[in-house]
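The values are calculated or read from the model by the stated rules, or taken from the named source; none is laboratory data. Please read these numbers as outputs of a predicted model, since none were measured by experiment. Cβ: placed from backbone, ideal geometry, glycine included. Neighbour counts: every protein chain shown. What goes into the accessible areas is simple: the full protein's heavy atoms, side chains included, and nothing from ligands, DNA or RNA. Shrake-Rupley method; radii C 1.70, N 1.55, O 1.52, S 1.80 Å.
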Amino acid sequence: MRAIWKGAVSFGLVNVPVRLFSATENHDVQFRQVHEKDGGRIKYQRVCSIDGEEVPYSDIAKGYEAADGQMVVLTDEDLKSLPTRSTKEISIEKFVPSEQIDPLLFDKSYYLEPDKTGLKPYVLLRDALEKADRMALVTVSVRTRMTLAVLRVRDGVIVLQTLLWADEVRAPEFESLSEETHATAKELAMASSLVDSLSGDYEPDEFEDDYAEAVTQLVATKIEGGDITETPEAKGEETEVVDLLAALQRSVDKAKAAKTGGSSGGAAAGGSSDDGAAKKAASSTAKKATKKATTTKAAAKKTTAKKSTAKTATKKAAAKKAS
C-alpha cells in the first residue's frame, strides 16, 4: 500500500507521527462503453451547452448553481479566500461512547501506521481506546477541507473513519410509516422464533460476490473461445502529432517571412505572412520547373543538330565514294 497522507495525532501534549492508508478498495465490476462494431472506446468531449463548441481544460472554471438556477462563476482568487486547512494534524477533540456514533454517519476508512519514532505513543493511544471502549472524535484535513472523523481500533490497528456532517443525512419521511401500526403478540412471537432459528455469527468470508465471479468466468470463456474484438489503436494521438507538426511548420514559415521582410510585403498585398511564404515557395517551384523545361528543350535541339550534322556527313562520304 502507498501512504496518501502524513501527519500526526495530537493526543494531549503527545504527538503521534502517522501515515494514512486507504483501508478499503472497490472491487465492483466495471464495464467500458464501446462501439459495438469495432470495440473502440467511447470518448466524451467537453462541449459548451450554449455555443456547442468543445472547451479546452484551460478555459474551464468552477461554477456554483444557486437554488434559483443562476450560475455563479468562481475565480481562483475567490477560491483562495475560502477557509482552508492544510495542517498535518489529527486533533482529538473528545472521547465519546461508541454507541453514540450512528454507523450511518461513517464515510471513508483509513489505516493509521506509526512512524518508528512514534511507535510507543501509538501503542499507548491504541490501548487507551480499547480499554475505555470509546471512540476519539477528531478533526482532520486530509486535503484542504476540514472534516470530522473518529479513531477506533480494529485488529490492533488504529482506524480513522471520516464522518458525514449532520445535514448530509436525510430524514426518513415516509407517510406509510407515520401511522401507529404495530405487530400483534402472535405475529411478534412467530417472528422472534424465525430470528432465533436464523441466528449466528457474522463471518465475512462466508459470503462472496457471485456476480463479479460470474462476469470473470464469462469473460474467460469468451477469450478461450476466441470471441474477442481486435481493437485498432485510436487515431487521436496521431492526429495531435500531425497538427503539432503543421503548427510548427507554419511558425517556421512565418518566422522566415518576417526575417526577409515578407510579412510586411504580404500585409501590404492584402495577404498574411503564411500566404507570402506559400507564394514564394510556389514561385520557386515554378522557376525550377521552367529552368528544367528550358534545359530539356535545349538538350533536345542540340541532339537534333548533332543528328543533322552526322546525316550530312554521311551523304557527302557516299557521294565522294561514288565519284
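Here are the numbers for the structure shown:
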item	result
Additional length obtainable on full extension of the chain from Glu53 to His27, 0.36 nm per residue less Cα span	5.7 nm
Stretchable slack from Phe207 to Glu130, in nm (0.36 nm times residue separation minus alpha-carbon distance)	24.9 nm
Value of D in µm² per second that Stokes-Einstein yields for the stretch 1-69, Kirkwood Rh from Cα pairs, at 10 °C (1.306 mPa s)	86
Over 25 Å between alpha carbons, listed pairs Lys43/Lys254; Lys94/Lys120; Lys43/Lys80	Lys43/Lys254; Lys43/Lys80
Probe 1.4 Å, all protein chains present, accessible-area order of Val215, Val157, largest first	Val157, Val215
Accessible surface of the stretch 1-149, 1.4 Å probe, proportion on carbon and sulfur as whole %	52
Relative compactness, the stretch 83-205, computed as alpha-carbon Rg over 2.2 N^0.38 Å	1.47
Percent of alpha-carbon pairs separated by more than 11 Å within the stretch 180-224	77
Sparse-neighbourhood loop sites, trypsin sites (Lys or Arg not before Pro) in the stretch 12-61 - DSSP loop, at most 16 other Cβ within 10 angstrom	Arg32, Lys37, Lys43, Arg46
Label-point separation, Lys116 to Ser197 (7 Å along Cα→Cβ), nm	6.0
Accessible surface ranking that places the most exposed of Trp5, Trp165 first, with a 1.4 angstrom probe	Trp165, Trp5
Lys94, Lys186, ranked by accessible area, largest first (probe 1.4 Å)	Lys186, Lys94
Thr139-Phe174 pseudo-label distance in nm [points 7 Å out on the Cα-to-Cβ vector]	3.7
Under-5 Å amide H pairs with Phe11, H placed in peptide plane, nonlocal only	Val16
Alpha-carbon centroids, the stretch 103-165 and the stretch 11-27: separation in whole Å	6
Largest to smallest principal axis extent of the C-alpha atoms in the stretch 133-184, angstrom	46, 29, 14
